[in-house]
Structures are given as C-alpha cells and as structure tokens.
Amino acid sequence: MLQYVDLPLISSKYKCLNCFLFLFPIFISIHLGSFAGFTWSKKSVTSTMEKSWMLWTFVKRWLLALASWSWSLCRICLLPLIVTFHLYGGIMLLILIFVSIAGILYKFQDVLLYFPEQPSSSRLYVPMPTGIPHENIFIKTKDGVLLNLILLRYTGDNAAYSPTIIYFHGNAGNIGHRLPNALLMLVNLKVNLILVDYRGYGKSEGEASEEGLYLDSEAVLDYVMTRSDLDKTKIFLFGRSLGGAVAIHLASENSHRISAIVVENTFLSIPYMASTLFSFFPMRYLPLWCYKNKFLSYRKISQCRMPSLFISGLSDQLIPPVMMKQLYELSPARTKRLAIFPDGTHNDTWQCQGYFTALEQFIKEVIKSHSPEEMAKTSSNVTII
C-alpha cells in the first residue's frame with residue numbers, strides 16, 4: 001500500500017539542489033545494492049585477504065540493507081517522485097521513478113501468484129476427513145516454519161506395502177479443499193496420501209515464496225522417510241498446477257528417494273506464464289532476475305529420470321495445455337506417459353472419465369518395473385489418451 005509523503009516548500013533558488021541532495025544518496029544506494037549481489041572472483045587465500053573478505057562481507061550486508069531500505073523508501077515516495085519530476089524534470093528522477101515502479105511490481109508478484117485466502121475462510125478452517133483413518137500432523141522445516149499435513153491411510157489388503165503419494169496442491173485454498181480428490185485416490189489407487197499445506201496456507205505458519213515452498217517439500221519428504229509404517233521404496237510425488245512445479249523441483253533434487261512423479265496441468269516456468277498471460281512486447285524480453293518467483297520446471301525436468309506421468313486437460317483455460325506436452329517431451333525418463341483428457345479443465349481434470357484408470361495403470365507399471373525383467377520390457381514414449 002502506498003503512503004504519501006508531502007514535499008516541503010523550497011525556495012526557488014535551492015529547489016533543484018535540495019531535491020538532488022535528497023535523492024542522490026537513495027539513487028547511489030540502489031545501484032550499490034544492485035551490484036553487491038554479484039559474485040566476486042576468488043583470489044589467492046592469505047590471512048590478509050581473509051580479513052579483507054570478512055570486511056567486505058560486512059560492508060556488503062550493510063549496503064544490501066541500505067539498498068533495501070532505499071528501495072522501500074522509493075516505493076513509498078513514488079507519488080512525490082512523480083510530482084517532483086513533473087515540476088522539475090531530470091534523468092535521475094525518471095530513473096528513480098522506474099526503479100520504484102519495478103520495486104512495487106517485484107513485491108506485487110507474490111500477490112499475483114499465491115492465493116492462500118481464497119476462499120476467504122481458507123486460513124481459518126481446514127476441512128478434515130470423517131470416517132477415514134487419518135492423522136493431522138505438524139512438522140517443522142529447516143528454517144523453523146511449522147507446516148500442517150494430513151495423512152490418509154489405506155487399510156485394505158497388503159496395506160504395509162501400499163505406495164505413498166505426497167500431494168502438492170495448487171496456488172489457492174488449503175489441503176481440506178482437496179479431500180474429495182484425495183479420497184477418490186485413496187479408494188481407487190489403494191495408496192496412502194500425504195496432503196501438504198505450504199507455508200502461509202491453511203494452518204501452516206509463515207509466508208509463501210518459491211524458496212519457502214522448496215523447503216516445505218524437502219521437510220515433508222524427510223518426514224516420510226522417518227515413518228517406519230510407510231514403504232520408503234514406493235514414494236510417488238503428485239503435483240497439480242503450482243504443485244507440479246514443487247513436485248518437479250523435489251524430484252530433481254531427490255532422484256534416489258523418489259519412485260515416480262505425476263504432474264497435472266502445470267507450467268514450464270513463471271516467466272513463460274507471464275509472457276503468455278501478458279503477451280505485450282516488454283514481458284517477453286524481461287530477464288530472469290526481474291522475476292521474484294521463477295519455478296523453472298522446464299530446466300529441472302531434465303534431472304527427473306524416474307518414471308513420470310504427465311496429465312493434461314485440453315480444456316484448461318489458465319495454463320496452456322501445450323506446456324504439459326513440452327514438459328513431457330523434455331523429460332529424459334525411460335518410462336514416461338502423457339495422459340490427455342479433451343474435456344479436462346484446470347482444476348477438474350480429475351473428474352474426467354478414465355482419469356483414475358490412467359493413474360492406476362501408471363502406478364502398477366512403476367511397481368512392476370522394480371524387477372529387472374520388467375524393466376527390460378519397459379518401452380518409452382507411450383501416450384495414453
């Protein structure tokens with residue numbers, strides 16, 4: 001929210017000079033802060049250099065803090081900057097205005113991506129399953145954030161050997177809103193499910209961010225590995241929309257612990273989504289550092305060699321279905337499948353006929369492929385329609 005600061009009246013003789021003296025330190029701080037993040041080349045290590053490096057680290061932190069403060073001040077003073085530029089002009093003021101607008105847009109990206117309060121009760125009330133064996137769990141991430149999970153237990157035949165699916169949901173609501181989908185997975189697929197509320201969602205603490213969501217996913221996987229009652233050799237990741245990007249990242253960093261991944265109606269990256277949704281000229285050429293959240297799935301999928309299922313609803317009006325096909329083509333997995341549902345929308349593809357059949361077939365194929373003779377029979381590039 002912008003705060004408006006009144007500019008003091010200045011005598012005509014010193015107007016421009018005072019404006020310059022007031023704004024110049026801010027401008028310098030911003031530029032110092034911009035360049036302070038660059039990695040400096042390593043030099044020979046001596047005791048003198050080590051001391052100099054420690055001093056520079058301290059100075060760099062101070063400059064970054066000063067730059068952050070100056071950037072915040074510029075955003076707060078955007079209206080006065082515009083008024084001053086209108087009255088007196090000047091390249092420096094114009095640059096400061098652009099920097100202020102960039103700062104506002106940079107901060108505003110979270111508002112455009114994360115919707116933990118839609119619907120409005122999502123942070124207050126998380127529906128729980130009734131009549132189904134389940135656990136309401138709280139775990140801590142490496143940075144101390146408390147997360148809320150729901151574990152749905154399969155209690156049928158051979159329950160001890162059932163696969164476990166870690167379920168990463170989309171960018172709105174909470175895990176309780178995914179229970180109808182999850183319960184059908186439980187019944188049709190005969191699996192355990194762990195539903196994850198990211199930081200800032202549902203009853204989880206904190207505030208959502210790309211790095212934060214990655215830490216959340218790591219914490220959940222670490223927790224699953226501590227459970228003696230879950231088969232650690234059959235861990236599947238499922239992610240829909242934003243959750244697909246989280247699942248791909250987690251799989252790319254933990255290929256030795258993940259049996260397979262399933263992603264549904266997800267995107268190549270946030271920059272690709274931005275250029276699709278806002279197709280006017282400048283968006284297509286913005287460098288990556290302009291994006292606070294990137295979620296570069298198109299890069300990370302190259303590290304996911306485990307069996308992969310890509311589910312695409314061709315009636316998705318939010319994320320272009322072609323992105324799912326491109327992720328499928330970029331995947332290096334020997335066993336990869338593309339399940340296409342012509343009537344599938346962004347959130348409701350799971351209600352299409354044949355959806356759970358495709359999932360069940362894939363899971364059975366992955367479990368069978370653990371035997372050497374079955375792995376030799378596995379063919380790649382097979383499409384399920």
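Any read-out appearing in this document is the output of simple, stated calculations on the displayed coordinates, not a laboratory observation. Here the structure is a predicted model, which is why all the values come from computation and not from measurement. Counting neighbours? That spans all protein chains shown, and the Cβs are built from the backbone with ideal geometry, glycine included.
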ask   = Taking neighbour Cβ counts within 10 Å as the exposure measure, how do V322, V366, V263, V224 sort from fewest upward?
value = V322, V224, V366, V263
ask   = Excluding same-chain residues fewer than 8 positions from K203, which aspartates and glutamates have a Cα within less than 14 Å of its Cα?
value = E117, D216
task = Take K107, K142, K203 and order them by how many other Cβ atoms sit within 10 Å, fewest up front.
result = K142, K107, K203
key: Reachable aspartates and glutamates, given that their alpha-carbon falls under 18 Å from the alpha-carbon of K234 and they are not under 8 places away in the same chain   = D157, E218, D222, E253, E360, E365, E374
message = Give me the net charge for the shell around H177: Cβ to Cβ below 14 angstrom, other residues only, Lys and Arg +1, Asp and Glu -1.
response = +1
